[in-house]
Each structure stands twice: as C-alpha cells, then as structure tokens.
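Below: one structure, written as structure tokens.
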Amino acid sequence: MKRQFGQTDIAINRRGFLKKCAGAAGGIALSKCGLAAGGVLLSNRILESRVGQRARPNIVFILADDFGWRDVSYDVGYGYSGSGYYETPNIDRLAAQGMRFTDAYAACPVCSPTRASIMTGKYPARIHLTDWINGHNRPDAKLKIPDWTHYMRLEEVTIAEALKAVGYKTCHVGKWHLGDDPIYWPEYQGFDVNKGGWKAGSPKGSGRYFVPYGNPRLEDGPPGEYLTDREGIEAANFIEQNKGRPFFLYMAHYAVHTPIMAKEDIIDKYKAKPSTPEHNNATYAAMIQSMDEAVGRVMDKLEELNIADHTIVVFMSDNGGLLGKTNNTPLRGGKAQAYEGGIREPMIIKWPGIAKAGSVCSEPVISTDFYPTILEIVNIAPKHQQHIDGISLAPLLRQRGPLNRDAIYWHYPHYHPQNPYGPFGAIRKGHWKLIEYYEDMNVELYNLKDDLSEQTDLAQSEPAKRDELGNLLNAWRQSVNAQMPTPNPNYTS
Ligand SMILES: [Ca+2]
C-alpha cells in the first residue's frame, strides 16, 4: 500500500510471511507462522523462556520523556542512590524483577531522533532525523544546520511492523512526535491501535495535561482527567482486550516533558516533603509519581491476568533530564547536551526466567539496540539491514558475556536553547568519551571510569586516545553519511 520497502529481501520475506498467514485464524495458525519465521530454534527457545505452550511472549515497552538518569528512586550505580525526593516504587519494582543498566544511552539528547532509533534500530545520523520535530532555527549562528528530515520515513520497517508481521497485535499509547503529516503517525508505522500519538511533542490542548487534550487521536475523558493517568488506563485496557494473543504495547508517556503540570493532591504531598539540593520541584515530583503509577497499573494488569511471566517489559527515557526542572547530578549537563546528563538514561529490561531479577549491567548500550534485542527474544530472524546500528542485548540479559561492540556514537548538528555549547558529535569507546564541537572543531576527552562528572578534559594530556577516538568518530560520520552543518553566510560577529 503506502509502503515501499528499502530492502528487497525484507520485502520478499514479509510478503512470504503474510502469504503463509493469509487465511489463518486463531492462535494455532499464528504459531505455525511463528515456526515458519523462527525456524528450528523456536522449540528450544520456548523451553528456555519457560513460556509454556504459547509461541511468543508479549512485549511492553515503556518510554518516559525527558526523564533523567537520577529521576528514579532505585540505586543508579557508581555508588549513587536514586533521588531522595522523587518516588518511583513501581519502576523500582520493575528493576527488582529485571536487569537494570547503569550505562544506557539515548541515541540523541532530544526527543524525536531517539524515538526513531527505537523504531528503526538505526542511528539518527543515518536516517537524517537528527533533531526534535520541528527543531530550532538560529539564522544568525556561526553554523547553518543541515537540511534534515522532519519525519520518520515510511520505508523503514519499524519494530512494530516486524512484530505485526508475525501476528502481534500492536498498540501505541502516548507521544509519537515522528512527523507532522498524519501519514507518518503510528497507524501507518505498524500500530493497529493508536491512543494519543500524533505530531505533537507535548500536550497541545487548552487543558494541556488535563482535558480538554486537543488531541486528534485521543478523545477527551471526564472533566479533570489527567493525561498520564489516561495513558495507563488505555494501556491496561489494551492488555485486557488482547490477553489471549501475543501483543506489543508501546506506552510512550508525554510525561515528564513540559509543561510541568500535575494533580494538586500529589503536588501537596511533595510540598510537605523535605526536598534535596538536587531535587526540589514538587510539581515535577508529582508528574513523576503519576508516571510511575501508570507503570504500576500496567504491571498490576499483567499480574492480574496471569501473563506477567509471559511478558517482556522494557523501561527507558528518550533523553536526559531538563535542567531547571530536575538535576542530573552527578552527571554533567542535561537535555540537548553532549554530556552524560543529556544522554544517559535509566533503563530496565524484565525478561522473566532469563534476565536475573535485580541484576545490574554496566555495559554501554544504546536505544538502537532494542530492535534486534526484541527480535531475538521473540525468535524472529534478524533484519540486519534494518536495525543495522543496533546490537542484540540478549547475551547481556542471559549473562553470557559482553557485547562485541566497538563504540557508540552521537551526531547532533543542531542548536538548542538548552545547549550553550552548540552542535556536536560524540563517541564513547570503553570508558573513554570524546566530544567534538562543530563550531570550532574543538574536542574534549573524558575518562568516565575516574571522572563520571566529566570535569577533567584530557584532550591535551592523552593525545593518542584523543586522536584514536576522533578518527573513529570522523570515519563513523562518513560511514552513515551524516549531514554536517556548514558555515553560515549570514553570520556576522
Ligand atoms: Ca524528550
């Protein structure tokens, strides 16, 4: 229909699949489709994941917005507790049931590119979707930003489409933010159900986080309803309605993005609670509590329906905490910046029976990794050309050794009001991190093992490491055909 496949092999495989599924009805027929897709390993995997008679586990992916690395209340690693002010008992419960990652990264320090990286398994630089939609223009800046792509192309075979093709019922709840034109919205990118996903990156109705939502993909609830509560209700309803078949639920909260708005009774609770030097905004804390309650509503529904042991649950945020609303200490910086506070995220994967409950992983991972990870977990053959920038995290989840990864890269050729340093590229290799600022091509080098807070620039004292990472970053940019900013002819000062 609307879709033009980028890779012939994917098109053929998918058509072959749909053909095999055609006319099939019910779980048994779908299982056959699963066998056709997964090959002989399927039976072993069923035993391994203890999923009983069902062919494939459910997937629940929960994405928070602008939620910082230390906005949780569980221990974040490196000897640091979580927030002493915010409360996330349900996210903490999820962490206790799964594996949490201390060094998990968003592919971009702003919204839309990270969301696209989850959906495609590709770096934002490769798909030229490198800024939040519609971005920020600074006509008199030193650099002119490239002509980037303001939507996620329909040619991409999203993780939702990959799952839908083998019989998953798919649902998007919450924020999408991957194109202004409705042809790019969730229902055209693999989701059977769309509750709330459209062009907007934040609530746009006159009530903002309260009804009226002004959202063409979410009918208003009763007066006073709070959007984050509603997202949890919609997610739980979808689970209830699809409990008997494999489903993929992507609950992408609008929270805790601005505008900072929350329910009065919860705000009052935090106003009465002692704050900490880092965290002291009662309304932001109340937003977090509501988001956490929605996570709890989903977890409770899975348990109530006795499918929690048959459901993979992922939690992640799309970029770092917004400075001025929260504080990412000990990490430097925040949203829109190259420093750890802009890109390092809380992340949890619960894989019942496989990933050890309460385990902690410090291997660097990135949001492009979810696509191949999910395919491997549910036993779909990898689509290497699609999720070319992701690596399956299954070896980490199975605790069978490290990933075979050279480095992780970022490319943000944009200005942003929250970033006083300007457009940049960055690379993390092992515990070393290099940032290159494009206005003057100045580089900074940090050793994250000794300097998590990125306070000591080693670019001058470690020239070999600086040049090694700089060369890798440059080669990577060329390999993905990254769009670079150019000198701005209108720049005067
Ligand atoms: Ca965001």
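The values are calculated or read from the model by the stated rules, or taken from the named source; none is laboratory data. If you're wondering where the values come from, they're calculated on a predicted model, not measured in any experiment. Reconstructed Cβ throughout: ideal geometry from the backbone, glycine too, with neighbour counts over all protein chains shown. For accessibility, only protein heavy atoms count, side chains too; no ligands or nucleic acids. Shrake-Rupley method; radii C 1.70, N 1.55, O 1.52, S 1.80 Å.
Please report, as a whole percent, how much of the solvent-accessible surface of the chain comes from carbon and sulfur atoms (probe radius 1.4 Å).
Carbon and sulfur together cover 50 percent of it.
Loop-only GluC sites (Glu not before Pro) in the range 207-316, please: DSSP not H, G, I, E or B, and at most 12 other Cβ atoms within 10 Å.
Passing sites in the range 207-316 are 219.
Calculate, in nm to one decimal, what residue 488 and residue 240 gain on full extension: separation in residues at 0.36 nm each, minus their alpha carbon distance.
Here the answer is 83.8 nm.
Near residue 265, within a Cβ-to-Cβ distance under 15 Å, what is the net charge of the other residues, with Lys and Arg +1 and Asp and Glu -1?
With Lys, Arg at +1 and Asp, Glu at -1, the neighbours total -2.
So, by mean Cβ neighbours within 10 angstrom, what's the order for 337-345, 417-425, 396-404 with the highest one leading?
337-345, 417-425, 396-404
Of 316, 136, 331, which is farthest towards the positive pole of the chain's charge dipole, taken about the Cα centre with +1 and -1 on the beta-carbons of Lys, Arg and Asp, Glu respectively?
With unit charges placed on the Cβ atoms, the residue in question is 316.
Taking square-rooted eigenvalues a ≥ b ≥ c of the alpha carbon gyration tensor, is the range 68-172 rounded, prolate or oblate, where a/c under 1.5 means rounded and, failing that, a/b exceeding b/c means prolate?
The shape class here is oblate.
How much length is gained if the chain between residue 472 and residue 280 is pulled fully straight, taking 0.36 nm per residue apart and subtracting their Cα-Cα distance, in nm to one decimal?
Computed gain between residue 472 and residue 280 is 65.1 nm.
Write down the accessible area per residue of the chain in Å², having rolled a 1.4 Å probe over the full set of protein chains.
So the chain comes to 38 Å² accessible per residue, rounded to a whole number.
For the chain, what is the mean residue ellipticity at 222 nm derived from helices alone (per DSSP H run of n ≥ 4: -39500 (n - 2.57); sum divided by total residues; nearest 500 deg cm²/dmol)?
-8500 deg cm²/dmol
Suppose we keep just the DSSP beta bridges with both residues in the chain; what percent of those would be antiparallel, to 5?
Here the antiparallel bridges make up roughly 55 percent for the chain.
Send over the per residue convex hull volume for the chain, Cα only, as a whole number of Å³.
Value for the chain: 149 Å³ per residue.
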